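Okay, structure first, notes after.
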Amino acid sequence: MSEKPMYDIPIGLQLGPKEIVLDEATVKERLDLLSWTDRAIFERDGIVPPGITINQHAMMKFEAIPELRVSIWAKSEHEFLKPIKVGTRITIRGRVVDKYEKRGRRYTVTELETVDESGAVVLRSRETGVHVE
């Protein structure tokens, strides 16, 4: 069985969708993992801290490109558009929008969008990863 060369990643490759319910246990577990100390907005207002689901972006990339073994986050831009309440069901979708080589390294650019259960966009991300072979 021959393995597909890693850089055959097509522009337009879909990432996801990934659906997650941000219930209290899920949010607390992520906050503990991140050693997030200021929990007031979560505990007082029931708001999920911004960016708490960004770790899913890398997992979605590895799920869509199984031959990818290692990718280093080179650059990311995130636009937080709306607070997310605890208990919200979110869906993350993305796609590969660009790829290029620079100084002998291979880069892939992805754009991802997170929507809540009403269909409102709550987060937009553009991320560039360096592939390590």
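Listed by first and then second residue, the pairs with beta-carbon distance under 7 Å, at least 6 apart or on different chains, first residue in the stretch 14-29 and within 8 Å of ARG93 (Cβ to Cβ), second at pLDDT 95 or above and small (Gly, Ala, Ser), are LEU15/GLY94; GLY16/GLY94. Does PHE42 meet the test of being in a helix (DSSP H, G or I), without any contact (Cβ under 8 Å) to a residue 12 or more places away in the chain and either aromatic (Phe, Trp, Tyr) or surrounded by 17 or more Cβ atoms within 10 Å (Cβ to Cβ) (or both)? When the stated conditions are applied, PHE42 does not pass them.
I'd like to know if the stretch 68-78 contains one or more residues that are in a loop (DSSP other than H, G, I, E, B) and of a type in the set (Asp, Glu).
Looking only at the stretch 68-78, we keep the residues that are in a loop (DSSP other than H, G, I, E, B), and these are 68-69.
From what is left, the residues that are of a type in the set (Asp, Glu) are none.
The answer is no; no qualifying residue exists.
May I ask you to verify whether ARG89 is touching a residue at least 60 places away in the same chain (Cβ under 8 Å), closer than 29 Å to PHE42 by Cβ, surrounded by fewer than 15 Cβ atoms within 10 Å (Cβ to Cβ) and not aromatic (Phe, Trp, Tyr)? If you could, list the steps in order and put the result at the bottom.
Details: touching a residue at least 60 places away in the same chain (Cβ under 8 Å): yes; closer than 29 Å to PHE42 by Cβ: yes; surrounded by fewer than 15 Cβ atoms within 10 Å (Cβ to Cβ): yes; not aromatic (Phe, Trp, Tyr): yes.
In short, yes.
Does THR128 fit the bill of being closer than 20 Å to LYS28 by Cα, of a type outside the set (Gly, Ala, Ser) and either touching a Lys or Arg at 6+ places or on another chain (Cβ under 8 Å) or assigned to a strand (DSSP E or B) (or both)?
When the stated conditions are applied, THR128 does not pass them.
Screening the stretch 92-103 for residues that are in contact with a strand residue (DSSP E or B) (Cβ under 6 Å, 6 or more places away or on another chain) and not β-branched (Val, Ile, Thr) and picking the one that is surrounded by the fewest Cβ atoms within 10 Å (Cβ to Cβ) gives TYR100.
The values are calculated or read from the model by the stated rules, or taken from the named source; none is laboratory data. Owing to the predicted nature of the structure, the values given are computational and were not obtained by experimental measurement. When we count neighbours, we look across all protein chains shown, and the Cβ atoms used for this are built from the backbone with ideal geometry, even at glycine.
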